[in-house]
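Here's the structure we're looking at; comments come further down.
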Amino acid sequence: MNSSVPPHGPSAGEVSAPGPSALLLLLRLALGSAFLLAAYEKLFSGQYASQNFLEAIQAFQVVSGDELLKFGAFAFPWTELVCGTALIAGIWTRAAGLVLALLLALFIAVLVSAIERGMAGKACSCFGHFHLICQGAVGWCKVVENTGLLLLATALQSFGGGRFALSRLLGPSWN
Amino acid sequence: MRGLIWKAAVLVAIALVAGYVHGHVAGGELRTSFVPTPPSKAAEPTTPQQTPPKPVPSKLDKTDDKIDTTKPPVLPPSPPSGDTGSLVIKVTPGIVEPDFKADHDDKGWFISLDKAHEIYTKNQAIFVDARSYIEFTEGHIPGAMHLDKKYFDGAAGAMKAKNLKGQGIVIYCHGAECTDSEAVAIRLQALKFDINPIYIIKDGFPGWQKAGYPVDKGGETGF
């Protein structure tokens, strides 16, 4: 028996070599942690965490309607939480990468729209009190930051979780 | 590809269901705008001496030299006997039952500068500054409490808000476009400290300053 063959072979296009897999592991952990942190800040960081995020969505003035705003205040962070968890665990990595890439594309579009409407400098609430690279204000730095995250998510969507993902133990349907 | 899309759809569905459930559990507390509660009965016209006075911190109690003392204190006149009137007045100097028949537009309890100034002159409420502390030190309504909405991210908001228990307050920030006053009002309401009524100055501090009303500089005092 060839011991180098993993228990469940890689799906088409998925990386299985150790070097790139280690890089993918780092990417998964980094991106997954960033989104888990963002979700925590928006949902659980204090009594007014969700209220803060709702007001941030309101400030962007792209969504109106009380019910839609309240839905968005929970839907976005929970999407970040679920996909961040999937990335860290290495389950459905490509799907999680795709969802996060789409989410980030939406965030970038909203940020650019806000900047064009003269809202530069307003609080973004993207990561709550934490700042990934840029300060928390709406601006081109935030657009660049989100674009970088989008590229990472796209890489994970393209290459999968690598050999160090949990999906390798669970089976090809978990890739 | 099809497998990728349905897996992505499942992830999104899980997130939406979780968000929906969380929203139902906790979303009732969320407010998209400030919805004022009617003034408490103590603030409504009653016969004299029936309700205990609500002490409002007197701006004159502060020893800060920068306080504007050009305006003399307004002491309430004694009410005629048997007259309930629209203003319940206590004889004790500095303690006045507020008359909160404010002129406000149809958006809740947004009040004009004139009304805010009247409340300030009669010492009928505590003023709350919802801007940043740097902006507060650069200029604020004398005697105001600084209460940025960021205080409420920790325990500091509730601690400071204890000073407002049972009081009426007037909140202000940058003006008509500023939503920080409403954000602070929403958080104060959620504390259920019987802070009532809650007014918001429609034109904010810039309007107050432009109208030539008293302005103080420096740090917060008295709280």
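Scanning segment B:132-175 for residues that are among the β-branched types (Val, Ile, Thr) and touching a strand residue (DSSP E or B) at 6+ places or on another chain (Cβ under 6 Å), we see that the one that is farthest from B:Ile198 (Cα to Cα) is B:Ile141. There is at least one residue in segment A:70-87 that is modelled with pLDDT of 95 or more and farther than 30 Å from B:Arg31 by Cβ. Go through the residues of segment A:8-15 one by one and say whether even a single one is open to solvent by 20 Å² or more (accessible area, probe 1.4 Å), among the hydroxyl-bearing types (Ser, Thr, Tyr) and modelled with pLDDT of 95 or more. Scanning segment A:8-15, I find no residue that is open to solvent by 20 Å² or more (accessible area, probe 1.4 Å), among the hydroxyl-bearing types (Ser, Thr, Tyr) and modelled with pLDDT of 95 or more, so the answer is no. Quick check: is even one residue across segment B:183-205 at pLDDT 95 or above and farther than 29 Å from A:Met119 by Cβ? Checked against the condition, which is being at pLDDT 95 or above and farther than 29 Å from A:Met119 by Cβ, segment B:183-205 yields no hits at all. Is it the case that B:Val12 is out of contact with any Gly (no Cβ under 6 Å at 6 or more places or on another chain), modelled with pLDDT of 80 or more, in a helix (DSSP H, G or I) and more than 7 Å from chain A (Cβ to nearest Cβ)? No; evaluated as a whole, the condition is false for this residue.
Here's the yes/no breakdown for (1) under 19 Å from B:Asp203 (Cα atoms); (2) surrounded by 23 or more Cβ atoms within 10 Å (Cβ to Cβ); (3) not hydroxyl-bearing (Ser, Thr, Tyr):
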{"site": "B:His117", "(1), (2), (3)": "yes, no, yes"}
{"site": "B:Asn123", "(1), (2), (3)": "no, no, yes"}
{"site": "B:Pro142", "(1), (2), (3)": "yes, no, yes"}
{"site": "B:His146", "(1), (2), (3)": "yes, no, yes"}
{"site": "B:Tyr151", "(1), (2), (3)": "no, no, no"}
{"site": "B:Ile169", "(1), (2), (3)": "yes, yes, yes"}
{"site": "B:Tyr172", "(1), (2), (3)": "yes, yes, no"}
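Of the listed requirements (1) part of a helix (DSSP H, G or I); (2) in contact with a Gly (Cβ under 9 Å, 6 or more places away or on another chain), B:Cys178 misses just one: (1).
So that you can scan it fast, the table gives a plain yes or no per residue for (1) in a helix (DSSP H, G or I); (2) at pLDDT below 95; (3) out of contact with any Cys (no Cβ under 9 Å at 6 or more places or on another chain); (4) closer than 25 Å to A:Leu54 by Cβ:
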site: B:Asp114; (1), (2), (3), (4): yes, yes, yes, no
site: B:Asn123; (1), (2), (3), (4): no, yes, yes, no
site: B:Phe127; (1), (2), (3), (4): no, no, yes, no
site: B:Tyr151; (1), (2), (3), (4): yes, yes, yes, yes
site: B:Gln167; (1), (2), (3), (4): no, yes, yes, no
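The values are calculated or read from the model by the stated rules, or taken from the named source; none is laboratory data. Given the structure is predicted, the values throughout are model-derived calculations rather than measurements. When we count neighbours, we look across all protein chains shown, and the Cβ atoms used for this are built from the backbone with ideal geometry, even at glycine. For the accessible areas, the whole protein counts, side chains as well, though only heavy atoms, and no ligand, DNA or RNA atoms are used. Shrake-Rupley method; radii C 1.70, N 1.55, O 1.52, S 1.80 Å.
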